[in-house]
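The values are calculated or read from the model by the stated rules, or taken from the named source; none is laboratory data. Here the structure is a predicted model, which means the values were calculated and not measured. As a convention, Cβ positions derive from the backbone with ideal geometry for all residues, glycine included, and neighbour counts pool all protein chains shown.
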Amino acid sequence: MSGDFTLEQKRYLEGFVSGITAARATRAKPGGGAEVVKGPDAEHFAAQDAVIASGKKLSDQEKFKREEHPFDAYGRFKEQADANQPPKPADNFRWRYFGLFYVAPTQSSYMCRLRIANGILKHWQFSGVADVAERHGGHYAHVTTRANLQIREIEPKSAVAVVEEIQDLGLCSRGSGADNIRNVTGTPTAGIDPQELLDTRPYAREWHFHILNERALYGLPRKFNVAYDGAGLIPVLEETNDIAFQAVEVKEGFGAEPGLWFRLALGGITGHKDFARDTGVIVKLADATKVADAIVRVFIAHGDRTDRNKARLKYVLDAWGFEKFLAAVEEKLGAKFVRVPPEAVAPRPAFNRAAHIGVYPQKQAGLNWIGVALKLGKMTVAQMRGLAKISAELGDGDIRLTVWQNLLISGVRDENIALAKAAIAALGLSTDANAIRSGLVACTGATGCRFAAAHTKENADEIAAWCEERVALDTPVNVHLTGCHHSCAQHYIGDVGLIGARVATNDDGDTVDGYHVHVGGGFGPDATIAREVFRDVKAEDAPRTIEHVLKGYLAHRKSADESFL
Ligand code: SF4
């Protein structure tokens, strides 16, 4: 077995000679040769084998996955933690399967990202996360743009303790990083929203547990997002996900049973300038998990495992077209999809861009949710414990996280609203936010992420502080700051979107934090990719630049309803 083959190619040939083909997944044996892979990992090995057989190179991350499945390496993970050792690159990728990201050089510590189905947890779980952050982290946590919680500044020696203590709370962090299906989002007001078509919680929960307990659904070609929108008042940005399930009312006379269905949209990834597109398919509510499973399995078999930039579902859809992809999913399902024309779907109720902050009546008479403004998602552990106490004593005990980096306390009786607001204010938090603060979103940025070209959270705060004094906005405006092309804060869907850039200050190659500025993005019915209007704006000049953009919008719009589009 010699020649100019790579090690992986030789291993493939060894397996081939002994009668193993790419259709029967193989893996190298520690002592040499190859063995057939059976069970849940087989679909992944078969896809990787097909790449190797074609003469292409697997990406490094695919090699890491092939060499050792992270869930088979918990012992090694514990050994590293006991020795307080930071992980090498391959293990830094693997431990993300447990939700841990080692974020050096920006911070020589781990960040732990949880997973919380539909973004809703109990008050005691929320205060328990505060306890974990206090024992092992930086004494604070963030609400993320996937309605999730993150704890930062965790030393390597505490990594396993954090993962296990989160599980003690009935929560988990499993699969929240690397090439896995990320936190399952749903309408944050599910079950309490006066206008919702559907309570998304059971569907998000079913998919959450399906993923957690199905090993074959870990280790995809790339990360994968799924969202459930029940048509409530607060948008969940489902069109930015790989799979978007939208609750819709289907009318009579179009060949499908009239009533409530999920409309299926696929391929959202706004960092690559694409929203999930309507497939024309409607899915029975009870079939959502089955359909999502089949879609993911087609992606596992056919997603790109050689080029990380082309490894998302969008690229399979672009290469194949929707019809071929849907036919492959139907084959997996063993059933045909139900399709309806757009006019078969009744218009959906409109969302309210301000409903995640402040007091709103629930569909249950006499009860309300209170949206709490958080400064770019950050809360101290003391604030978290205070919010948990308010939820337990004045609310229904639920804490509801939103994709707008804030949270809701639900089930507050009319007579307790003033008291709850005063208690939130006593924590140094607000239930009011002006038009710029309520739509301000920023990713982690250079304080905690090595990819960032700018300090997004700090700069976002500076922009808001400058503009709120100088621009009289009378309508919510979304300003999104993202530190790099990964676009965690989805700058392309903001009315104003900033993406980090190193800006030259001289000809010697010196640079400072800065941004390229985009305007005119939108979401929901206004889904539009923002277009670039300024390049290489220094961070120190960004507040003035955004002030001019906002004043220009106010001066030239024809009415208060007119967006930036
Ligand atoms: Fe880091 Fe880039 Fe994501 Fe910001 S957008 S958190 S800089 S990866």
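Filtering region 506-565 to residues that are in a helix (DSSP H, G or I), among the small types (Gly, Ala, Ser) and touching a strand residue (DSSP E or B) at 6+ places or on another chain (Cβ under 7 Å) leaves 539, 542. Taken residue by residue, region 451-468 has no member that is closer than 26 Å to residue 238 by Cβ, outside any helix (DSSP H, G or I), hydrophobic (A, V, I, L, M, F, W, C) and out of contact with any His (no Cβ under 7 Å at 6 or more places or on another chain). Comparison of 448, 500 shows that the only residue that is within 12 Å of the ligand (Cβ to nearest atom) and modelled with pLDDT of 95 or more is 500. Filtering region 216-245 to residues that are within 21 Å of residue 201 (Cα to Cα) and in a loop (DSSP other than H, G, I, E, B) leaves 225, 230, 231, 232, 233, 234, 235, 236, 237, 241, 242. When region 179-206 is filtered for residues that are surrounded by 24 or more Cβ atoms within 10 Å (Cβ to Cβ) and not in a loop (DSSP other than H, G, I, E, B), the ones remaining, listed by number, are 181, 185, 186, 203, 204.
I need a count of the residues in region 542-565 that are surrounded by 11 or more Cβ atoms within 10 Å (Cβ to Cβ) and either in contact (Cβ under 8 Å) with a residue 24 or more places away in the chain or closer than 15 Å to residue 526 by Cβ (or both).
Of the residues in that region, 16 qualify.
So for region 299-315 (the condition being in contact with a Gly (Cβ under 8 Å, 6 or more places away or on another chain), modelled with pLDDT of 95 or more, among the basic types (Lys, Arg) and over 19 Å from residue 227 (Cβ atoms)), does at least one residue qualify? Within region 299-315 (the criterion being in contact with a Gly (Cβ under 8 Å, 6 or more places away or on another chain), modelled with pLDDT of 95 or more, among the basic types (Lys, Arg) and over 19 Å from residue 227 (Cβ atoms)), the answer is no, since none of the residues qualifies. The requirement of being under 21 Å from residue 521 (Cβ atoms) and either among the hydrophobic types (A, V, I, L, M, F, W, C) or within 16 Å of the ligand (Cβ to nearest atom) (or both) is fulfilled nowhere in region 298-310; no residue meets it. Please determine whether any residue of region 292-305 is free of Cβ contacts under 8 Å to residues at least 24 places away in the same chain and not hydrophobic (A, V, I, L, M, F, W, C). No; the residues of region 292-305 include none that is free of Cβ contacts under 8 Å to residues at least 24 places away in the same chain and not hydrophobic (A, V, I, L, M, F, W, C). Here residue 495 meets each of (1) surrounded by fewer than 18 Cβ atoms within 10 Å (Cβ to Cβ); (2) among the charged types (D, E, K, R); (3) away from the ligand (no atom under 16 Å from the Cβ) with one exception, condition (1). Among the criteria (1) surrounded by 20 or more Cβ atoms within 10 Å (Cβ to Cβ); (2) at pLDDT below 95; (3) farther than 24 Å from residue 310 by Cβ, the one residue 106 does not fulfil is (1). Within region 409-464, the set of residues being among the charged types (D, E, K, R) and closer than 30 Å to residue 104 by Cβ comprises 450, 457, 458, 461, 462.
When residues in region 353-391 are screened for being under 21 Å from residue 439 (Cα atoms) and hydrophobic (A, V, I, L, M, F, W, C), 11 of them pass.
Restricting the first member to region 244-264 and to residues that are surrounded by fewer than 22 Cβ atoms within 10 Å (Cβ to Cβ), and the second to residues that are acidic (Asp, Glu) and part of a strand (DSSP E or B), no beta-carbon pair is closer than 6 Å while six or more apart or on different chains.
Any idea how many residues of region 436-445 are touching a Ser or Thr at 6+ places or on another chain (Cβ under 6 Å) and more than 16 Å from the ligand (Cβ to nearest atom)?
0
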